[in-house]
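All remarks here apply to the structure that follows.
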Amino acid sequence: REEAQAENLRKLLLAISADVRVLLVKLADRLHNMRTLDFMREDKRKRIAKETMDIYAPLAGRMGMQGMRQELEDLAFKHLQPEHYKAITSRLDEMKAEFADTINTIKVELTDRLKSDGIEARVSARVKSPWSIYTKIERKQIALEQLSDMIGFRVIVPTVPDCYRALGIVHTNW
């Protein structure tokens, strides 16, 4: 079985070297397969999920397709470590409900403070992905309850000087 996988990878790499669109199609196909993985036998799900985590998610990341990489990682994580996935996603769902008003208040307040300093900005918030939370928990050797940065804010400004000014405002106020 490992020989067949190695041969398939070799063929994929040869095809990519001829035309990078082959990789895009292969990544899209893998994402579709991962979205429908629930309908396969457990042994096959785990093998495909591991292969996705080891090969396809990193390839998507290298291609600059971070959204696809994140979804592939989260889907693979769901099948490789279902208990951890369920614990993290349950906590994230609780946080979304618990802090929805606070998140919106911070977005509005930050946007207003930037605007009052003459900086036009787009402020957005996002909950971090289950896989990224899991890797941080593992790396820091802490419990889920001890992790404080599961929500991230993104501030997009038009110029580099605005970026540094916005960073100063964030540091001063939060």
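The values are calculated or read from the model by the stated rules, or taken from the named source; none is laboratory data. Note that this is a predicted model, so its numbers are computed, not measured. Please note: Cβ atoms are built from the backbone with ideal geometry, for glycine as well, and neighbour counts cover all protein chains shown. For the accessible areas, the whole protein counts, side chains as well, though only heavy atoms, and no ligand, DNA or RNA atoms are used. Shrake-Rupley method; radii C 1.70, N 1.55, O 1.52, S 1.80 Å.
Yes/no per residue for (1) small (G, A, S); (2) modelled with pLDDT under 90:
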residue	(1), (2)
E2	no, yes
R47	no, no
S90	yes, no
V108	no, no
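Residues of segment 49-66 that are polar (S, T, N, Q) and in contact (Cβ under 8 Å) with a residue 24 or more places away in the chain: T52 alone.
Kindly indicate the residue of segment 8-19 that is open to solvent by 70 Å² or more (accessible area, probe 1.4 Å) and of a type outside the set (K, R) and also farthest from H79 (Cα to Cα) among those meeting that condition.
Within segment 8-19, the first condition is being open to solvent by 70 Å² or more (accessible area, probe 1.4 Å), and the residues that meet it are 8, 10-11, 13-14, 17-18.
From the residues that got through so far, the ones that are of a type outside the set (K, R) too are 8, 13-14, 17-18.
Details: N8: 23, L13: 26, L14: 30, S17: 31, A18: 33 Å.
Applying the filter and picking the extreme gives A18.
With respect to the conditions (1) hydrophobic (A, V, I, L, M, F, W, C); (2) more than 21 Å from L24 (Cβ to Cβ); (3) surrounded by fewer than 18 Cβ atoms within 10 Å (Cβ to Cβ), M63 lacks only one, and its number is (2). Checking each residue in segment 11-20 for being farther than 14 Å from Y56 by Cα and part of a helix (DSSP H, G or I) picks out K11, L14, A15, S17, A18. Annotation note: Cβ proximity below 8 Å between a residue of segment 67-87 that is touching a residue at least 40 places away in the same chain (Cβ under 8 Å) and a residue that is outside any helix (DSSP H, G or I) and of a type in the set (G, A, S) (sequence gap 6+ or interchain) occurs for Q70/S129; E73/S129; D74/S129.
Yes/no matrix, rows are residues, columns are (1) charged (D, E, K, R); (2) in contact with a Cys (Cβ under 6 Å, 6 or more places away or on another chain); (3) modelled with pLDDT of 90 or more:
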position: R113; (1), (2), (3): yes, no, yes
position: G118; (1), (2), (3): no, no, yes
position: Q146; (1), (2), (3): no, no, no
position: F153; (1), (2), (3): no, no, yes
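The set of residues in segment 49-60 that are within 15 Å of K78 (Cβ to Cβ) and either open to solvent by 70 Å² or more (accessible area, probe 1.4 Å) or of a type in the set (K, R) (or both) contains only K50.
The residue that is farthest from S90 (Cα to Cα), among those in segment 133-174 that are open to solvent by 70 Å² or more (accessible area, probe 1.4 Å) and among the acidic types (D, E), is E138.
Quick grid of which residues meet (1) acidic (D, E); (2) part of a helix (DSSP H, G or I); (3) within 17 Å of the chain's Cα centre (by Cα):
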site: E51; (1), (2), (3): yes, yes, no
site: L59; (1), (2), (3): no, yes, yes
site: K86; (1), (2), (3): no, yes, yes
site: E98; (1), (2), (3): yes, yes, no
site: T102; (1), (2), (3): no, yes, no
site: D112; (1), (2), (3): yes, yes, no
site: E120; (1), (2), (3): yes, no, no
site: D149; (1), (2), (3): yes, no, yes
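Within segment 73-84, the residues that satisfy the criterion of being buried (at least 16 other Cβ atoms within 10 Å of the Cβ) and part of a helix (DSSP H, G or I) are E73, D74, L75, A76, F77, K78, H79, L80, H84.
Summed over segment 21-48, the residues that are part of a loop (DSSP other than H, G, I, E, B) and open to solvent by 70 Å² or more (accessible area, probe 1.4 Å) give a count of 1. Looking for something without any contact (Cβ under 8 Å) to a residue 24 or more places away in the chain and either aromatic (F, W, Y) or touching a His at 6+ places or on another chain (Cβ under 9 Å) (or both) - is there at least one such residue anywhere in segment 8-20? No: zero hits.
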